[in-house]
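A.B. asks: One structure follows; several queries about it will come next.
The values are calculated or read from the model by the stated rules, or taken from the named source; none is laboratory data. Just so it is clear, the structure is predicted and the values come from calculations on it, not from any experiment. Cβ placement follows ideal geometry from the backbone for every residue including glycine, while neighbour counts extend to all protein chains displayed.
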Amino acid sequence: MSGNSAAPLVQVRGLSKSFGTNQVLKGVDLDVRRGEVVAIIGSSGSGKTTLLRCINLLERYDSGSVQVDGVEVGYRADKHPRGEHELARIRAGTGMVFQLFNLFPHLTAAENVMLGLRKVRRMGKRQARELAEHWLSRVGLSEKFASLPIELSGGQQQRVGIARAVAMNPKVLLLDEITSALDPELVGEVLTVVHQLAREGMTMILVTHEMTFARDVAARVVFMDGGRVAVEGTPREVFGTQTHERLRSFLARIELKGV
Amino acid sequence: MSVMIAALPFLWQGLLVTLEVSALVVAVSLVLGVLLGSGLTYGPRIVAWPIRIYSDVVRGTPLLVLIFFIYYALPATGLKIGNLWAALVALAAFETAHVAEVARGALQSIHPGQTEAGKAIGLTFEQRMLYVVFPQALRRFLPPWVNTVVDTVKGSALVSLVGIVDLMLSIQQVIGRTFRPMPLYILGALIYFIINYALSLTARRLEARFAYVRE
């Protein structure tokens, strides 16, 4: 069923998704290999966040295919939409970090990380706590195990968010504009953690407005425009000599904003 | 004053009935109301719509009308229930609708990102409710819910109108024998107030206890 290392870990084919009459994705193809880091860029409304959210079924897709590790995420073999419990099991295999952190405010940093380990991975309390503390230490929060989200800075909260996702040992990590809501001086500490994960071979798909970051961390950059993949290549190809008109104007606009 | 003290032993039984009726209605309406409120918030249309209609109709009807309706209408359909049960059903139906709205409001106040974060780590719907949404919604739920409890205690006085000897009817019976309405109504009001004020104080302490979600 899975484990074929030659096949891409994430395979998206002809992915389409509409919100009412507004077609946001118009047949997207994307392959992500094991251990690869892919950055998705594009102006707002280009469909990049929707694409990310279709990969772990936070949005249902209308047609096309999304496979993670050889398993179609949204539908069974007979095209029947998957039920709640199947979806939960499949979602547990992908991690997601959110723009607005979405930490559980009633739980401490350690408990935020432990919840999935306890209830989804069915770990004992002690084992879950050890693993949670391990990952919180890895993201530089060894002093903050018992802190509530409200007591943490934005950058610290987002690092808890990363620990919460990574502790579940996901096959692929989805990062949705994870620095967009942060004060500029807090962006660095979060990106450092992502760099570290990339070096350790974590497969990641990240939607970002940080072009420097995309260039530094990603093996491949995908430029989305109008619900399609418009340009795809190495950072050098995408950010270097550019012939695609829309990409050039997008990069120029980003440049002007001083990012 | 001496009339009030002399009357107290005669009110004891009625006070117990008031407390029992209230407790039963609070318990039933809490369970049903939270279920219906969840249905309103998360249910598909086929679930949410009937609940919406039920809630709007019941909340738009005076409790007294509801009590008389069930008291007279149910026997007419061949369903024979005593006056106590008719009153209990009416009160519970009324409070359930209010609790459902309180629950809906509390659940809707939780940011959708919380549900998404729960989904993203692989929690099922039940787990997301149990570990993510309900603990956070509890704090928003408690203050307005205590109001419905206070309303229940006050509303329970209406069951006296279908002949149930609760605190209210006990007071009227003592008045019937003593012809001293003023001190006895003051006494009655005082007892209702003490019950409800105690409830409000408890609610405030509970609120502080669950103050982990700060705005």
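A.B. asks: What is the residue count in region A:229-246 for residues that are among the β-branched types (Val, Ile, Thr), surrounded by fewer than 18 Cβ atoms within 10 Å (Cβ to Cβ) and over 19 Å from A:Glu210 (Cβ atoms)?
C.D. replies: Count: 2.
A.B. asks: With B:Ala106, B:Ala97 as the choices, which residue is within 14 Å of chain A (Cβ to nearest Cβ), aliphatic (A, V, I, L, M), crowded, with 22+ Cβ neighbours inside 10 Å and in contact (Cβ under 8 Å) with a residue 12 or more places away in the chain?
C.D. replies: Just one listed residue meets the conditions, B:Ala106.
A.B. asks: I need the full set of residues from region A:45-71 which are within 14 Å of chain B (Cβ to nearest Cβ), crowded, with 18+ Cβ neighbours inside 10 Å and either in a loop (DSSP other than H, G, I, E, B) or not hydrophobic (A, V, I, L, M, F, W, C) (or both), in order please.
C.D. replies: The answer is A:Thr49, A:Thr50, A:Arg53, A:Asn56, A:Leu57, A:Leu58, A:Glu59.
A.B. asks: Is there any pair linking a residue in region A:193-210 that is more than 12 Å from A:Val37 (Cα to Cα) to one that is in a helix (DSSP H, G or I) and modelled with pLDDT of 95 or more, with Cβ under 7 Å and at least six apart or on different chains, and which?
C.D. replies: A:Val193/A:Arg159; A:Val193/A:Ile162
A.B. asks: I would also like to ask the following. Does A:Lys79 satisfy the condition of being on the phi > 0 side of the Ramachandran plot and of a type in the set (Lys, Arg)?
C.D. replies: Judged against the criteria, A:Lys79 is a match.
A.B. asks: Cβ-Cβ distance below 8 Å, separation of 6 or more or different chains: which pairs start in region B:113-128 with a residue that is more than 7 Å from every other protein chain (Cβ to nearest Cβ) and end on one that is β-branched (Val, Ile, Thr)?
C.D. replies: Short answer, once both residue conditions are applied: B:Thr115/B:Val132; B:Thr115/B:Val133; B:Gly118/B:Val132; B:Gly118/B:Val133; B:Arg128/B:Thr115.
A.B. asks: Look through region A:89-102, keep the residues that are within 18 Å of B:Pro112 (Cα to Cα), surrounded by fewer than 23 Cβ atoms within 10 Å (Cβ to Cβ) and among the hydrophobic types (A, V, I, L, M, F, W, C), and return whichever of them is nearest to the chain's Cα centre (by Cα).
C.D. replies: Going through the qualifying residues, I end up with A:Phe98.
A.B. asks: For region A:211-234: of the residues being among the charged types (D, E, K, R) and in contact with a strand residue (DSSP E or B) (Cβ under 7 Å, 6 or more places away or on another chain), which is farthest from A:Val37 (Cα to Cα)?
C.D. replies: A:Arg228
A.B. asks: What is the residue count in region B:137-167 for residues that are of a type in the set (Lys, Arg) and closer than 28 Å to B:Leu184 by Cβ?
C.D. replies: 1
A.B. asks: Any residue at all in region A:107-114 that's under 23 Å from A:Asp176 (Cβ atoms), not small (Gly, Ala, Ser) and not in a helix (DSSP H, G or I)?
C.D. replies: yes
A.B. asks: For the condition modelled with pLDDT of 95 or more and not charged (D, E, K, R), what is the one hit in B:Val21, B:Val25?
C.D. replies: B:Val25
A.B. asks: Something else about it: In region B:14-61, what count of residues is obtained for those that are surrounded by 17 or more Cβ atoms within 10 Å (Cβ to Cβ), in contact (Cβ under 8 Å) with a residue 60 or more places away in the chain and under 30 Å from B:Gly188 (Cβ atoms)?
C.D. replies: Selection size over region B:14-61: 13.
A.B. asks: Then there is this: For the subset of region A:127-158 comprising residues that are part of a loop (DSSP other than H, G, I, E, B) and of a type in the set (A, V, I, L, M, F, W, C), which member is nearest to the other protein chains (Cβ to nearest Cβ)?
C.D. replies: The qualifying residue nearest to the other protein chains (Cβ to nearest Cβ) is A:Leu148.
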